[in-house]
Structures are given as C-alpha cells and as structure tokens.
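Asker: The structure follows.
All of the numbers you see were taken from the coordinates with simple rules; none came from a lab. Because the structure is predicted, anything quoted here is derived from the model rather than measured. No Cβ is skipped: glycine too gets one built from the backbone with ideal geometry, and neighbour counts run over all protein chains shown.
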Amino acid sequence: MNSLQKSYFHMGGNEPLLGATIPEHFASVVEKFPDREAVVCIRQERRRSYSELSSEIDRLARGLVGMGYGKGDRIGVWSTNNIEWLLIQMATARIGAILVNINPAYRPKELAYA
C-alpha cells in the first residue's frame, strides 16, 4: 500500500505555499496570537479570540468523533454565514472529514438532488 504524501504545486509569485494543512497552520497562528481577535460576527454580536475559537473547534471536533465521524467521512452543512459555520468547517478539517456545503437558498425540491 502506498503511503500518503502532501501535495505541493506553486505557480510562481514571490510567496511560496505554506506546505501545511489548514489545522496545522491554524494551530501555529493560535500559538503566536492566542489573545488576538480571530473572528467578529456583527449579526450575532459575537467575538472570539484565537484561543477561544480553537477551544470551541476542539470541543466540536471531539463531539463529531464521539458521534462516529472521522477521516474521509462527509458531513453535510446547511447554514448561513455565522460563527457555527466556521466552527464546523474547522472541526471537520481537524478530524480529516469532508465538509459538504449545502446551499441554504435551496428549495425543498432542489434538496432532493443535492
């Protein structure tokens, strides 16, 4: 069986690609700037620092694993833009699951084919 390798493709420019997964890069940002504001959702009147956001992502990721989700599983999300959408996106990436974004503008008949 072949071992998995990270892929890297760069189309030029001055900045090289990071060579890290989203969860790896996020963890490095949390380590550097734990108290810095990471997200502001004006509509929900909510703010989160990087450390707060990371803790919420960890809790959600543990919950998903506890429900039996894991690497390669697809998790459908039907949501508008809000903090919870960000949390589920990051939590699915953290456990290696695949986020399947379902357009919240779909009508019931369209959902049958989504």
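Asker: For the chain, build the convex hull from the C-alpha positions and give me its volume per residue in Å³.
Answerer: Expressed per residue, the convex hull around the Cα atoms of the chain is 191 Å³.
Asker: What percent antiparallel are the DSSP beta bridges of the chain, to the nearest 5?
Answerer: Values: 4 of 9 bridges.
That works out to approximately 45 percent antiparallel.
Asker: Run the dipole for the chain about the Cα centre, Lys and Arg Cβ at +1, Asp and Glu Cβ at -1, nothing else charged, and hand back the magnitude in debye, nearest 20.
Answerer: Dipole magnitude for the chain comes out near 300 debye.
Asker: Using 0.36 nm times the number of residues separating Glu31 and Arg46, minus their current alpha carbon distance, what extension gain do you get?
Answerer: 3.2 nm
Asker: Non-local amide H neighbours of Ser49 (under 5 Å, H modeled in plane, Pro and chain starts lacking H): which ones?
Answerer: Hits under the 5 Å cutoff: Ala38.
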